[in-house]
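The values are calculated or read from the model by the stated rules, or taken from the named source; none is laboratory data. This is a predicted model, so every value here is computed, not measured. Cβ placement follows ideal geometry from the backbone for every residue including glycine, while neighbour counts extend to all protein chains displayed.
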Amino acid sequence: MANDKVLGKMREQIGELIKTLEQFGDIAVHPGASECEDLQNKLYKLQENLAVYKHQRLNQEVSPSFNIHARVSEEVKELFPPEPPPAGKPVETKLPVQPGEAPIPNKTPSNKIHAPIVVGINDKFRFINELFSQNPAEFNIAIEQLSALQNWNDSELYLNSLKSLYTWKEQQDVVKHFYSIVKRRFE
């Protein structure tokens with residue numbers, strides 16, 4: 001059922017994408033920046049749905065579950081590997097710890113530990129009802145996954161995957177509020 005839903009959405013996106021690509025294929029038409037951005041957004045949304053569909057097909061899952069969240073998160077990490085440190089910046093290496101010694105903490109900003117995401121009780125019920133199809137387990141899994149991520153870019157990619165999976169509308173206040181709660185963690 002979920003596979004069919006995602007596949008149907010992908011087919012719609014491909015149809016829209018073909019129309020947009022035709023503009024780029026016409027020699028007489030010179031697409032502007034807004035058309036380029038539109039094409040880029042459509043490709044990005046199609047890629048998100050394709051990743052979800054691929055995971056569902058590989059594991060024959062019928063409904064969203066912890067495994068989908070975990071694999072979506074892994075897929076995002078594979079698509080966007082961590083960036084190498086900037087040139088000229090020293091790379092810290094960990095020295096082996098001798099028995100009886102305490103390890104030396106690494107003070108680099110990339111290892112900053114962020115507090116888990118805190119959601120008020122009213123927001124929690126609103127998110128469960130409006131964003132997670134009245135499924136508290138899915139909400140809890142999503143919060144757990146988001147709390148494990150260490151930067152906003154990874155969190156945003158995961159949120160976009162959830163948005164695609166649950167067909168959230170970007171302009172909805174509840175979606176904007178959920179994004180803002182997650183983003184606040186990194187500020």
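Key figures for this structure:
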item	result
From the options Leu46, Leu58, Leu39, Leu17, residue that is among the aliphatic types (A, V, I, L, M), modelled with pLDDT of 80 or more and under 16 Å from Ser161 (Cβ atoms)	Leu46
Verdict on Asp123 being assigned to a helix (DSSP H, G or I) and either of a type in the set (A, V, I, L, M) or at pLDDT 90 or above (or both)	yes
Positions within segment 130-159 being surrounded by 16 or more Cβ atoms within 10 Å (Cβ to Cβ) and farther than 16 Å from Phe186 by Cβ, in sequence order	Glu130, Leu131, Phe132, Asn135, Glu138, Phe139, Ile141, Ala142
